Amino acid sequence: MTFNLILISMKLETLNDILTYKIEHNLDLPTTAKHFNIGVNRLRRLLHDNNITISKRKVTKSKETIKKIRESNLKSKDSPFLKYDWKSEYQNFINTNKLDKTIGISEYCNMSGYHPRYLRKYIRENKLHQPKAIPIRTEEWISNISKSGKGIIKNPKGSNGKLKGKSLPKEQRDTIRAGLIRHYYDMELTKWEELQDERKLYYTDVWRITKQQDIHLLENYDKRGNAGVDGNYQLDHIYPISIGFVNKIPAKIIGNIKNLQMLPWYDNRIKGNKMGLI
């Protein structure tokens, strides 16, 4: 079946016949144009001139084809994830972090030659512990910590670049502080500030009682030392002093030797005001 090109350009009915044939036989546009002996570009121009849009040809994919496409997409997108033994990679990361606490997941992955998102994906899917790096205490780091107390945030790690070098107004600092107080102590900032004098007295009492205990009897007491040195331990209150203050637990209980333990300095730091033995 052939059509005169002049006739096609003049009669819209002829174009509709061509499109009907295309749809009924589920053909693409080049095949349809070839069937009617028309150049595909000429046919496209006629459709455009007459403001006619056509739907794409429906292609039914088999289950095997869909499976192959998905596997191909997975390999191209997550090829590093399929390439490594992530159980071993995770264990190597843990061992590396234990030897050097300044190496976090980003540093480790960069040294290993792949993006951190792959190891994070494995950790997240398997609900594993992800230890964090601690910043190296350079003179610049110490200076930045001092500035942070004055509202000048300049995190050595950059806080992903969001806060580095930025000065936060007092209102914003108070908002952040209020959120932390609510999170950790379940009270409003105004109430917390009213309790500060009592809090100082409570802390003093707890430490006075703590120093009266025979802490030299605690396991690993002989390894007691400053933070930042591998193998050093620090004294820790199993039930934190801050939580004891909020819950009005007597200072003699918090400071008693039964509530004391020696922790590796880094574990003591990340424990914070969490409760329990580590």
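The values are calculated or read from the model by the stated rules, or taken from the named source; none is laboratory data. Note that this is a predicted model, so its numbers are computed, not measured. Here the Cβ is made from the backbone with ideal geometry for all residues, glycine too, and neighbour counts use every protein chain on show.
Is it fair to say M275 is of a type outside the set (S, T, Y) and closer than 30 Å to S106 by Cα?
Numbers: of a type outside the set (S, T, Y): yes; closer than 30 Å to S106 by Cα: yes.
Here the answer is yes, as M275 does meet what is asked.
Among the residues in region 173-187, are any touching a residue at least 24 places away in the same chain (Cβ under 8 Å) and not in a loop (DSSP other than H, G, I, E, B)?
Taking region 173-187 and keeping what is touching a residue at least 24 places away in the same chain (Cβ under 8 Å), we get 184-187.
If we keep only those that are not in a loop (DSSP other than H, G, I, E, B) as well, we get 184-185.
Looking through region 173-187, at least one residue is touching a residue at least 24 places away in the same chain (Cβ under 8 Å) and not in a loop (DSSP other than H, G, I, E, B).
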Kindly indicate whether N92 is closer than 15 Å to K132 by Cα, in contact with a Gly (Cβ under 9 Å, 6 or more places away or on another chain) and at pLDDT 85 or above.
-> no
Name every residue in region 188-209 that is in a loop (DSSP other than H, G, I, E, B) and surrounded by 14 or more Cβ atoms within 10 Å (Cβ to Cβ), in order of residue number.
-> L195
Is it the case that region 210-220 has a residue that's out of contact with any strand residue (DSSP E or B) (no Cβ under 9 Å at 6 or more places or on another chain), loosely packed, with under 15 Cβ neighbours inside 10 Å, assigned by TED's automatic domain parsing to the domain that holds P240 and under 16 Å from I254 (Cβ atoms)?
-> yes
Do we find a residue being under 21 Å from W192 (Cβ atoms) and free of Cβ contacts under 8 Å to residues at least 24 places away in the same chain anywhere in region 252-266?
-> no
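Keeping to region 245-259, report how many residues are of a type in the set (S, T, N, Q) and either at pLDDT below 90 or out of contact with any strand residue (DSSP E or B) (no Cβ under 6 Å at 6 or more places or on another chain) (or both). Spell out the reasoning first.
Step one: list which residues in region 245-259 are of a type in the set (S, T, N, Q), which gives 247, 256, 259.
Adding the requirement that they be either at pLDDT below 90 or out of contact with any strand residue (DSSP E or B) (no Cβ under 6 Å at 6 or more places or on another chain) (or both) leaves 247, 256.
Count: 2.
Which count do you get for residues in region 67-89 that are among the charged types (D, E, K, R), in contact with a Phe, Trp or Tyr (Cβ under 9 Å, 6 or more places away or on another chain) and modelled with pLDDT of 65 or more? Lay out the reasoning, then the answer.
Initially, region 67-89 is screened for residues among the charged types (D, E, K, R), giving 67-68, 70-71, 75, 77-78, 83, 85, 87, 89.
With the extra rule that they be in contact with a Phe, Trp or Tyr (Cβ under 9 Å, 6 or more places away or on another chain), the set shrinks to 78, 83, 87, 89.
Filter again for modelled with pLDDT of 65 or more, leaving 83, 87, 89.
Result for region 67-89: 3.
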Out of region 99-141, which residues are without any contact (Cβ under 8 Å) to a residue 12 or more places away in the chain, surrounded by 12 or more Cβ atoms within 10 Å (Cβ to Cβ) and closer than 19 Å to V229 by Cβ?
-> D100
Report whether or not L7 is part of a helix (DSSP H, G or I) and either at pLDDT 80 or above or among the basic types (K, R) (or both).
-> no
Within region 210-257, which residues are more than 38 Å from the chain's Cα centre (by Cα) and among the small types (G, A, S)?
-> A251
Any residue at all in region 222-233 that is surrounded by 12 or more Cβ atoms within 10 Å (Cβ to Cβ), assigned to a strand (DSSP E or B) and touching a helix residue (DSSP H, G or I) at 6+ places or on another chain (Cβ under 6 Å)?
-> yes
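Please enumerate the residues belonging to region 33-64 that are among the β-branched types (V, I, T), over 11 Å from L15 (Cβ atoms) and either surrounded by 14 or more Cβ atoms within 10 Å (Cβ to Cβ) or at pLDDT 80 or above (or both). Can you show your working first?
Residues of region 33-64 that are among the β-branched types (V, I, T), as a first pass: 38, 40, 52-54, 59-60.
Subset that is over 11 Å from L15 (Cβ atoms): 40, 53, 59-60.
Of everything in region 33-64, just one residue is among the β-branched types (V, I, T), over 11 Å from L15 (Cβ atoms) and either surrounded by 14 or more Cβ atoms within 10 Å (Cβ to Cβ) or at pLDDT 80 or above (or both), namely V40.
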Search region 199-214 for residues that are modelled with pLDDT of 90 or more and pair each with any residue that is loosely packed, with under 15 Cβ neighbours inside 10 Å when their beta-carbon atoms are under 7 Å apart and the residues are at least 6 apart or on different chains.
-> I209/K252; Q213/I257; D214/I257
Please find, within region 176-187, the residue that is nearest to E140 (Cα to Cα) out of those that are modelled with pLDDT of 80 or more and either in contact with a Lys or Arg (Cβ under 9 Å, 6 or more places away or on another chain) or surrounded by 13 or more Cβ atoms within 10 Å (Cβ to Cβ) (or both).
-> R177
